[in-house]
1. With the structure loaded, tell me whether Ser93 is at pLDDT below 95, at negative phi and not in a loop (DSSP other than H, G, I, E, B) or whether it fails that test.
2. Could you check region 72-83 and list, in sequence order, the residues that are crowded, with 21+ Cβ neighbours inside 10 Å and in contact with a Pro (Cβ under 8 Å, 6 or more places away or on another chain)?
3. How many residues, within region 24-51, are open to solvent by less than 50 Å² (accessible area, probe 1.4 Å), within 14 Å of the chain's Cα centre (by Cα) and not hydrophobic (A, V, I, L, M, F, W, C)?
4. For the condition within 13 Å of Leu117 (Cα to Cα) and either in contact with a Phe, Trp or Tyr (Cβ under 7 Å, 6 or more places away or on another chain) or without any contact (Cβ under 8 Å) to a residue 40 or more places away in the chain (or both), what is the one hit in Leu30, Leu37, Leu43?
5. Taking only region 9-23 into account, find how many residues are crowded, with 16+ Cβ neighbours inside 10 Å and outside any loop (DSSP other than H, G, I, E, B).
6. Which numbered condition trips up Trp13, out of (1) modelled with pLDDT of 95 or more; (2) in contact with a helix residue (DSSP H, G or I) (Cβ under 6 Å, 6 or more places away or on another chain)?
Amino acid sequence: MKQQVSKELHDYWSSLKGARLAPERNDIDLTAIRHLLANVFILQIDRSGRYPLEMCGTRINAFQRADQKGRCFLEFWDEADRAAIVAAISTVSDETRPVVVGARSGAGDLPRLDVELLLLPLRHFGKTHSLALGALTPVNEPDWLGRRNAPALHVNSMRIIDGAARGAPALVVHEGGRRAGVGF
């Protein structure tokens with residue numbers, strides 16, 4: 001994790017989970033992270049594979065200049081990278097392991113937008129296959145962000161966080177559009 005928002009959200013999440021694999025949704029106190037909320041979202045993990053946003057901050061809304069609540073999270077991503085994002089979401093929900101993704105967006109005459117995505121497992125009534133807490137943070141903020149719709153995001157890198165603490169190394173599993181390590 002490189003972005004301060006990701007680091008602080010991960011620290012908050014870690015403090016809530018304690019010895020558990022993931023905190024409960026009801027443990028999240030949005031007022032405690034209000035300074036991060038512009039970049040924060042809660043993602044529903046649904047059987048249909050739509051992954052709608054249950055809640056999202058204003059910077060996330062700026063990507064498409066509209067409220068993104070209820071929107072399919074995969075629509076933010078280039079079609080070629082959606083399988084990698086689904087694999088990241090599966091790692092978060094199936095293995096209760098956090099994932100961080102580096103991505104970029106840019107097309108035509110628009111200056112490139114780099115972002116960092118953090119996905120953290122959440123329990124909802126004891127189940128980890130319901131929700132994920134996340135942050136989508138611009139690394140740079142081009143002047144067009146919020147004035148034009150952002151082009152699709154392309155995955156540059158993907159890491160499982162805290163893997164070494166669970167007996168498995170934290171590996172780069174996707175880098176620069178190709179697999180660089182062990183797959184999900």
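The values are calculated or read from the model by the stated rules, or taken from the named source; none is laboratory data. As the structure is a prediction and not an experimental result, all values here were calculated from the model. All Cβ positions, even for glycine, are placed from backbone atoms using ideal geometry, and neighbour counts span all protein chains on display. What goes into the accessible areas is simple: the full protein's heavy atoms, side chains included, and nothing from ligands, DNA or RNA. Shrake-Rupley method; radii C 1.70, N 1.55, O 1.52, S 1.80 Å.
1. Values: at pLDDT below 95: yes; at negative phi: yes; not in a loop (DSSP other than H, G, I, E, B): yes.
Yes; evaluated as a whole, the condition is true for this residue.
2. Step one: of region 72-83, the residues crowded, with 21+ Cβ neighbours inside 10 Å are 73, 76-77, 81.
Across region 72-83, the qualifying residue is only Phe73.
3. Residues meeting the conditions: 2.
4. Numbers: Leu30 fails: within 13 Å of Leu117 (Cα to Cα); Leu37 fails: within 13 Å of Leu117 (Cα to Cα).
Among Leu30, Leu37, Leu43, only Leu43 is within 13 Å of Leu117 (Cα to Cα) and either in contact with a Phe, Trp or Tyr (Cβ under 7 Å, 6 or more places away or on another chain) or without any contact (Cβ under 8 Å) to a residue 40 or more places away in the chain (or both).
5. Filtering region 9-23 for residues crowded, with 16+ Cβ neighbours inside 10 Å gives 9-10, 12-13, 16-17, 22-23.
Still in the running and outside any loop (DSSP other than H, G, I, E, B): 9-10, 12-13, 16-17.
Matching residues across region 9-23 total 6.
6. Unmet for Trp13, out of (1) modelled with pLDDT of 95 or more; (2) in contact with a helix residue (DSSP H, G or I) (Cβ under 6 Å, 6 or more places away or on another chain): (2).
To keep it simple, each residue is scored yes or no on (1) over 19 Å from Arg147 (Cα atoms); (2) of a type in the set (S, T, N, Q); (3) part of a helix (DSSP H, G or I); (4) open to solvent by 20 Å² or more (accessible area, probe 1.4 Å).
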residue	(1), (2), (3), (4)
Arg59	no, no, yes, yes
Arg65	no, no, no, yes
Gly70	yes, no, no, yes
Val86	yes, no, yes, yes
Ile89	yes, no, yes, no
Val100	yes, no, no, no
Arg104	no, no, no, yes
